Structure formats: structure tokens, C-alpha cells
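The values are calculated or read from the model by the stated rules, or taken from the named source; none is laboratory data. What you see is a predicted model; the values in this text were computed from it and never measured. When we count neighbours, we look across all protein chains shown, and the Cβ atoms used for this are built from the backbone with ideal geometry, even at glycine.
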Amino acid sequence: MATTPTAEEQLLLEQINRFRANPAAEADILIGASALPSVISAINYFGVSTAAFRASLASLSPAAPVAWNANLANAAAGHNQAMIDADEQTHQAAGELGLGARVTAAGYNWTSLGENVYAFANDVVHGHAGFIIDWGYDKEDYDGTTLLSDWRTRGDGIQDPAGHLNTLINANYTEVGIAVVAETNSLTSVGPKIITEDFGRASGYKAQFVGVVIDDRDRDAFYDIGEGQANVTLTFVRQSDGATYSTTTWSSGGFQIVAPTGTYNLTASGGDLVAPVSLTATIGSANVHLTVIEGSVAAPAAASLPIIQTQRAADYNGDGRDDIIWRNDAGTVTNWLGQASGGFVNNDANASRGVPASWKIVGTGDFNGDGRGDLIWRNDSGTFSDWLGQAGGGFASNDAVAMRNVPTNWKVVGTGDFNGDGRDDVLWRNDNGQFSNWLGQANGGFVSNDTSAFTSVATNWHVVGTGDFNGDGRDDVLWRNDSGLFSEWLGQTNGGFASNDAKAQRSVPTSWKVVGTGDFNGDGRDDVLWRNDNGQLTNWLGQADGSFAVNDAKALTTVPRDWQVAGTGDFNGDGRDDILWRNSTGAVSDWLGRADGSFAGNDVHAMNSVLTAWQVSLATQYV
């Protein structure tokens, strides 16, 4: 009788939860450059439309992860044997109980059930792909009950309806039992791998932390067979009251534990781990998935926290959609204009020009309040100026008004409308910790605001983002300490700031970095985008008091580390900010923000390959 998953079953569980966290991203994983030959073969055989497949995943909303259930797994194992005995793929073999009856017989007190079966999988990755893609005959392939001779050229090669896919993403399910068995008997046609996944929701179910502890040998931040760390003790301590809960990883490296609502400090130690790993996690009424990676928080004790200051994109042509700036190694600058699809069109005709490499783009924003984004330039010598956005998406130099020289020990560390006058302003920070801002003027120039904003902040605190996090019409400043401590200052009508430590301050492991800000759910308050060194991504949603609500249930996912957040902005003009991604190979794409703060992949409209000599000119690293 199954009590815990095998490594193969754990991998299927991790694949399911990866998909539920970010349905759209699963397309590239399954049919992208690293697709299995067996998957490509099935796609070709059934004539699957990859565009239709990508569109179907992009239309799905994320769902909370599912937990392992031993009773469901036992029911699944019994069904696998029934399919072997009957030598067929079926949901009910001759003489076998139906799904509800056999799950009840296995001891599961269910309120809802679903099942996926695949009796002809090559391996568990191939099986998972079959469930997600749902390749097979569709309704256009038949004339009545007769399969048409040209069926491969009809329809989209995806079953009608896509029942396996629908089961996998069903948000009502909280648990799953998975059984994988090898069948190599030459007298049977089923095999070589037979898979049953029984999904359910039980009466009185309580939310759990679920996940894996891994030795990430291939550095993809995802579980692979052989990477699971067994017998690791995980201790969860609730920050609010010190309540402690603990569990131990299975032989597969997986774990799960029921925990009441709250934010927890988690420590993983012992077992196969070489050294303890610590992180912070928050749970509410839904399951939360965690991937604990061995060695993921190792860092020199004396090193300061690297601060990635990712600028938000701006709407340079004033059409209501944000655009992106490109700069190549030779100094040439241009832009791409955002489209309603979330894709982009090249704007070289209006925006391309050469600029000496000694000049750097250090900020974007609407500094003159005309509804079009502008650029701030800084020379290595300290000289400062701006370019004003024009209706065609090009720029007009504003040296006559804005150019001035600023000592090089002062750095631009952010932009935003801090006084709420409709014009963006510039944040300055001195190497010695001094801080101030300049207020944008109608002519695109700036006036110093030292009277209201000048102060000094310890140099172990860094500006990591700006945005209107409380929705009062004034932008605020996010601060991060080298220790991991996080807080914010709220913008005031005079352009100064008020500390909001009482509402916003919290400690976050230094393996997590702020990589962007934006109103991802479209509620009028900006949110914070976080990325872990192991590739995990999530966000916090801004609240009316300037605090933040963790959105792991909707937004937590893992992205390979060769993809980096290159910027944020509302690229399709729907009122929700999106994420711009850049791969180390040069590929660029975006994810579109959704009403729940999650994201939908938009590769079908936005994926492009750009020479690595060109960089998205929105991100600067400060240390």
C-alpha cells in the first residue's frame, strides 16, 4: 500500500504543481527547445496546433498546488492493476468499481473527484505532457462515428473537451494520489509506463505547505529524479506567536504539513542536507508550494546585499501602452512600442540614434507631465539631462532646460511622482547615505527639493523600488537593508516622505530580491515583484495602508535562472502591469498581469530573439 510517493510520482506531483502555478509557462517547457522527441512525435502524429495549445494555456487561471494523499494513491494503484489485467486504457475496467466507489473503498472521504489515466506513457514527463497537451482525435476528425481519412489536417489535434487538462487545473481539487507502474510484459499492449492520477477534495480539508527539498544538481530550480533530499527535518515557526510545527521529508525528497494561517520562518536541516537552509513562507486558506534548495542561502557574511533596481517602462508615444528602450554596446538607442496584444513593434524609424557610450540611461518617467514618458541621461563625468518623449515614440533633447552637472558621488536611484502633481520626480542618493529628490517641472526641468526631502540614511539601506503602494496618487519608496529587512516611505504632498515601518517593515531572506514594481492586479495600488536566487518568483500586493499582502497562492512560480526580469510596465494597456523577461541567449518575451495578481505567458505575441549586444535599458545594479 502506498504511503508516500516514489521519485517518479514525486516528479509528476511537482510537474502538476508547476503547471497549476503558471499554466501559460508550461507550453515552453513541454514543446519548446528542450521538448522530448516522444512529445514532438505525438504532436506531429495527431497534428496538434501549437498555437492553439499555447492559447489554451494562456487562457487558464492559476490554481493553488495540490497535496499528496495516500488513500487516493492506493486507489490509483489499484486502477493501474485493473488496466494491466484488462490490457486497456480505461477509467473503469470490466468488473471494476467506478471512480467514486473505489476511492471511497480506499478510505477517502471525498466531496469532489477527478481522474487522469495514461496506459501508454514512455515515462512520467511524456505522460505529463500527454495530460497537459491532451493530444488525440477531436470532433472535427469524425463523420458520425467514422474517423475521416484526412483527420490529421482537421481540427487542432487536441481532444474535445480537453478533459485531462481541465482536471489538472481544477481549482476545486486540493489533493492527488498518483500511481506509476512499469509494464513490460510482451503479452500486453499497455505500457511501458502506466499512470493514474486521482484528484480529490475531502470534507474538512486543511491547507498545507507542500513541496520538496532538493540538491539542485542541474541548477534549474526544479525537482528531478535523484535530487530529492530524504530525512530532512523542516521546522516552521509562526512569526506572530512562535507556534512550531515540524515534519520530515520522504525518501523522494517531498514533504507536506498542515499549518494554521500565518507567516512562518522555515528551517530545513539534517538528513541528506549538508547545511541548514532557511526561508520565510506565508499560508492562508490554500495550499502553498515550497522548493527548498540545498545551499540556496549561502553567502559571504561580510558581503552587502546586491540591490537590483529595475526601472519601470514608460509610454513614450502616449498611446496608453508602455514601451521598452533598447541600447546596444556601440551606444545606439531605440525603442519598441507596446501593442494591444502585449507584443511590440520596432520603432527605429522614429527613435534610433547614436549616443556616446559615456552617457547612460538612469531613469524613465513623465517628467513634464504631458502623458509621454521621458528619459534621464547621466554622463560618466556627472553631467545630467533628459530627453522628452514625442508623439511618434521618438525623443527631443531637453539640454537647454535640464542639463546640469552633479557630483558623481550622487546617484539617481529612482523616479516617481512623489508629490502627486502629475509630473515624475528624481530620487538622488549620495555614496555617504544622504538622500533627496528633484521635482519635475512643466518644461521637463527639475527643482531641488532638499527643504522637504533631504535626509541621511545608513548606507546598509538601499532604495529597491518606487511606486504608489497605498494608492493615494503619490509614489512611495521601498527600502531594503543588507540584513534582508524591508520597509517603505510614503510620499507626501511636499515631495518629502513619511516612514511606514509600522505597516510595512518585515524581514525577508536575502536570497529574495525585489526585481520590479507595478500594479499587477489593476487595483490602483502598486505591488512588489520578488525573485529568489533559486529562480522562484512571486509578488506582494499593495494595500491601502501601504502594507503588502503576500500573493504566493496566485503568483508563486519558478522560472529558469537564465531568464531575468528586465522591466515592468503595462505593455498591452489593460490597466495591469506586466513583466518583461530577457534570456541570456537574447530571447525576450513578456507575461501579462491578471486581476488576481498572477501572470499569463504571452510568448505567442511577444517572444523575439535579439542579439545580446542589445540590452533592455531599464535595469541597473547597485551594491
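Quick one: Val212 ticks every box in (1) touching a residue at least 40 places away in the same chain (Cβ under 8 Å); (2) assigned by the TED database to the domain that holds Ala77 bar one, so which box is it? So the condition that Val212 fails would be (2). With respect to the conditions (1) part of a helix (DSSP H, G or I); (2) closer than 30 Å to Ala35 by Cβ, Asn71 lacks only one, and its number is (2). The single residue among Asn551, Asn583, Asn521 that is surrounded by fewer than 20 Cβ atoms within 10 Å (Cβ to Cβ) and either farther than 30 Å from Thr267 by Cβ or not assigned by the TED database to the domain that holds Asn287 (or both) turns out to be Asn583. A residue that is of a type in the set (Val, Ile, Thr), surrounded by 18 or more Cβ atoms within 10 Å (Cβ to Cβ) and within 16 Å of Tyr45 (Cβ to Cβ) can be found somewhere in the range 123-134. Cβ-Cβ distances below 6 Å connect the following pairs, each with a first residue in the range 528-553 that is in contact (Cβ under 8 Å) with a residue 40 or more places away in the chain and closer than 12 Å to Asn470 by Cα, a second residue that is charged (D, E, K, R) and in a helix (DSSP H, G or I), and a separation of six or more residues or different chains: Asp545/Lys503; Gly546/Lys503; Ser547/Lys503.
Listed here are the residues, each with its yes/no results for (1) touching a residue at least 12 places away in the same chain (Cβ under 8 Å); (2) closer than 26 Å to Gly204 by Cβ; (3) part of a helix (DSSP H, G or I).
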residue: Arg20; (1), (2), (3): yes, yes, yes
residue: Ser38; (1), (2), (3): yes, no, yes
residue: Val48; (1), (2), (3): yes, no, no
residue: Ala64; (1), (2), (3): yes, yes, no
residue: Met83; (1), (2), (3): yes, no, yes
residue: Gln89; (1), (2), (3): yes, no, no
residue: Glu96; (1), (2), (3): yes, no, no
residue: Gly100; (1), (2), (3): yes, yes, yes
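Among residues of the range 436-480 being of a type in the set (S, T, N, Q) and buried (at least 19 other Cβ atoms within 10 Å of the Cβ), the one that is nearest to the chain's Cα centre (by Cα) is Thr466. Criterion first (in contact (Cβ under 8 Å) with a residue 24 or more places away in the chain and in the same structural domain as Gly389 (by the TED database)) does Val333 satisfy it? Criteria met by Val333. All conditions in (1) within 11 Å of the chain's Cα centre (by Cα); (2) closer than 19 Å to Arg20 by Cβ; (3) surrounded by fewer than 24 Cβ atoms within 10 Å (Cβ to Cβ) hold for Asp596, with the sole exception of (1).
For the range 138-170, filtering for residues that are outside any helix (DSSP H, G or I) and closer than 20 Å to Ala55 by Cβ leaves 11.
All of Ala52, Ala27, Ala42 fail the test of being modelled with pLDDT under 95, touching a strand residue (DSSP E or B) at 6+ places or on another chain (Cβ under 6 Å) and part of a helix (DSSP H, G or I), apart from Ala42.
Here is the figure for the range 171-189: residues that are in a loop (DSSP other than H, G, I, E, B), among the β-branched types (Val, Ile, Thr) and surrounded by fewer than 22 Cβ atoms within 10 Å (Cβ to Cβ) total 2.
Per the conditions (1) among the polar types (S, T, N, Q); (2) within 13 Å of the chain's Cα centre (by Cα); (3) under 27 Å from Phe209 (Cα atoms), the sole criterion not satisfied by Ser547 is (2). All conditions but one from (1) more than 24 Å from Phe131 (Cα to Cα); (2) of a type in the set (Phe, Trp, Tyr); (3) part of a strand (DSSP E or B) apply to Trp250; the one that does not is (3).
So, Leu113, is that one surrounded by 18 or more Cβ atoms within 10 Å (Cβ to Cβ) and either over 13 Å from Phe199 (Cα atoms) or among the hydrophobic types (A, V, I, L, M, F, W, C) (or both) or not? Against the criterion (surrounded by 18 or more Cβ atoms within 10 Å (Cβ to Cβ) and either over 13 Å from Phe199 (Cα atoms) or among the hydrophobic types (A, V, I, L, M, F, W, C) (or both)), Leu113 qualifies. The range 378-459 holds strands (runs of 3 or more DSSP E) entirely within its bounds, and those carrying 1 or more residues that are touching a helix residue (DSSP H, G or I) at 6+ places or on another chain (Cβ under 8 Å) map to 383-389, 395-397, 434-440, 446-448.
Is it the case that the range 554-562 has a residue that's of a type in the set (S, T, N, Q), in contact with a Leu (Cβ under 8 Å, 6 or more places away or on another chain) and in the same structural domain as Ser499 (by the TED database)? Yes; the residues of the range 554-562 include at least one that is of a type in the set (S, T, N, Q), in contact with a Leu (Cβ under 8 Å, 6 or more places away or on another chain) and in the same structural domain as Ser499 (by the TED database).
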